[in-house]
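Read-outs throughout are calculated quantities, based only on the coordinates presented, and are distinct from any laboratory measurement. As the structure is a computational prediction, the values presented were derived from the model and not from experiment. Here the Cβ is made from the backbone with ideal geometry for all residues, glycine too, and neighbour counts use every protein chain on show.
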Amino acid sequence: DTAVSQTPKYLVTQMGNDKSIKCEQNLGHDTMYWYKQDSKKFLKIMFSYNNKELIINETVPNRFSPKSPDKAHLNLHINSLELGDSAVYFCASSQVAGVGNEQFFGPGTRLTVL
Amino acid sequence: RKEVEQDPGPFNVPEGATVAFNCTYSNSASQSFFWYRQDCRKEPKLLMSVYSSGNEDGRFTAQLNRASQYISLLIRDSKLSDSATYLCVVNRNDYKLSFGAGTTVTVRA
């Protein structure tokens, strides 16, 4: 059973399009995250939700909008895609928010903007 | 200055060798420390937490030096399957993890 799943795995699209990435976790965790890993391999936190409430909102363009319909799902919608959005986007979850909690990552969505 | 800095490597070592590398962090308020492992084109996975007194997990030993603000990872008796990128991860007293860019280790037969 996949603990944290993401769809799609690969996404190739044109500049200016709007796209969504979906994430689901079946671990019963309260907290979910979106990370971006760029070509230099840095993983950067974008957003985090704890029990459907936004708790981390890093400095990302407002073209990126997360949505958590319930605590098992955290989706990421991106408007007006730009070349610089090309990266691997990872969803993750942890049992609770806070210091010391292991995060479990999904397999990633490789986004390529042409 | 980046929050977490690592030597990117690569460290190329023969099977059975010992390899060690460090990571430095800038925020002295950091409270939790981890090593994650990321295989090529895969997601990161927790390798081990790092405790103040240092800790071992099989062939892996992690150390923390709060005074100098670095953590280290040592791998003994390297296996081919240890080839991966090792991410140093630091947690302040909030919800956010800060990741280093990773140290690449390649173990050759």
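If I take every Cα pair under 8 Å that is 6 or more residues apart in chain B, average their sequence separation and divide by the length, what percent do I get for the relative contact order?
38
Around A:H77, under 15 Å between beta carbons, what's the net of Lys plus Arg minus Asp minus Glu among the other residues?
+2
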task: Just need the relative contact order of chain A here, percent rounded to a whole number, with Cα pairs under 8 Å and 6+ apart.
output: 37
statement: Computed over all unlike Cα pairs, the Kirkwood hydrodynamic radius of region A:56-114 in Å stands at 13.2
task: Return the distance in nm (one decimal) between the two label points of a simple spin-label model at B:T18 and B:A109, each offset 7 Å from Cα along Cα→Cβ.
output: 2.7
- line: Around A:S68 (Cβ within 14 Å, Cβ-to-Cβ, excluding A:S68; K/R +1, D/E -1) the net charge comes to 0
task: Tell me, rounded to the nearest percent, the portion of alpha carbon pairs in the protein assembly as shown spaced more than 20 Å apart.
output: 59
- line: Loop-resident GluC sites (Glu not before Pro) in region A:1-65 with no more than 14 other Cβ atoms inside 10 Å, DSSP not H/G/I/E/B, are A:E58
- request: Can you pull the one-decimal nm distance between simple spin-label points at B:S49 and B:A67, each 7 Å off the Cα toward Cβ?
  value: 2.5
field: Using a Förster distance of 22 Å, the FRET efficiency for A:T2-B:S81 (Cβ separation, nearest 0.05)
entry: 0.50
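After finding the eigenvalues of the alpha carbon gyration tensor for chain B, what semi-axes result from the square roots of 5 times each, listed largest first in whole Å?
Over the Cα atoms of chain B, the semi-axes work out to 23, 14, 12 Å.
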field: Rough spin-label spacing in nm, given labels placed 7 Å along Cα→Cβ, for B:Q31 and A:E82
entry: 3.5
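Specify, per residue and in Å³, the volume enclosed by the convex hull of the alpha carbon atoms belonging to region A:1-98.
99
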